[in-house]
Amino acid sequence: MNTSQKDQCALTEEQILKAPESDYMNTEQLEYFRSRLMQLYESISGRIQEAKNKMASPPELNDDSDRASWEEECSTSLRILDREQKLLPKIIQSLERIRLGTYGYCLESDEPIGIPRLLARPTAEYCADIKADRELKERVYRD
């Protein structure tokens, strides 16, 4: 199948949202999310590399305020990089769950996570109820 034929067969977000529950995580939907996860991985990897390259070759800064601005920009970039680098293993884990046929199902309850949640967060591992319970417990133990 060539690329244009494959694109014609690919589901859109709208089609996935309108699909009946009986189609949940069928082959086409899994392929949609696999492709979306791969694009996300490549995009994040590219942004990480760009940020590293930018920080590795700072501009010539003669002014203290320019230097302070550059350092603040680098600090912000490092926080973003840290967050994005933590997302890469989650993407790989999601791709593995697709391979194993467990993607889209809650790791704790085995219930469907739901298409809207997966569209918003394709690396979601828990259904909304379980995730809310886990976050509440984290807050209680943290306080």
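The values are calculated or read from the model by the stated rules, or taken from the named source; none is laboratory data. All values reported here derive from a predicted model rather than from experimental measurement. In this analysis, Cβ positions are derived from the backbone assuming ideal geometry, glycine residues included, and neighbour counts consider all displayed protein chains. All accessible areas refer to the heavy atoms of the entire protein, side chains included, with ligands and DNA or RNA removed. Shrake-Rupley method; radii C 1.70, N 1.55, O 1.52, S 1.80 Å.
Only residues that are in contact (Cβ under 8 Å) with a residue 60 or more places away in the chain and open to solvent by 70 Å² or more (accessible area, probe 1.4 Å) were counted in the range 81-101, giving 0.
The lone criterion from (1) closer than 27 Å to residue 14 by Cβ; (2) among the small types (Gly, Ala, Ser); (3) open to solvent by less than 40 Å² (accessible area, probe 1.4 Å); (4) without any contact (Cβ under 8 Å) to a residue 40 or more places away in the chain left unmet by residue 104 is number (4). Screening the candidates 27, 3 for the property of being β-branched (Val, Ile, Thr), exposed (fewer than 11 other Cβ atoms within 10 Å of the Cβ) and modelled with pLDDT of 85 or more yields one hit, 27.
If you check 125, 96 for being assigned to a helix (DSSP H, G or I), among the acidic types (Asp, Glu) and more than 17 Å from residue 16 (Cβ to Cβ), only one passes: 96. Residues that are open to solvent by less than 90 Å² (accessible area, probe 1.4 Å), more than 16 Å from residue 25 (Cβ to Cβ) and free of Cβ contacts under 8 Å to residues at least 60 places away in the same chain do occur in the range 111-121, at least one of them. Take the conditions (1) at pLDDT 95 or above; (2) over 22 Å from the mean Cα position of the chain (by Cα); residue 72 misses just one of them, which is (1).
Residues that are farther than 23 Å from residue 123 by Cβ and open to solvent by less than 90 Å² (accessible area, probe 1.4 Å) were ranked within the range 39-59; the one that is modelled with the highest pLDDT is 53. Of the set (1) open to solvent by 80 Å² or more (accessible area, probe 1.4 Å); (2) touching a residue at least 60 places away in the same chain (Cβ under 8 Å); (3) not in a helix (DSSP H, G or I), all apply to residue 62 but (2).
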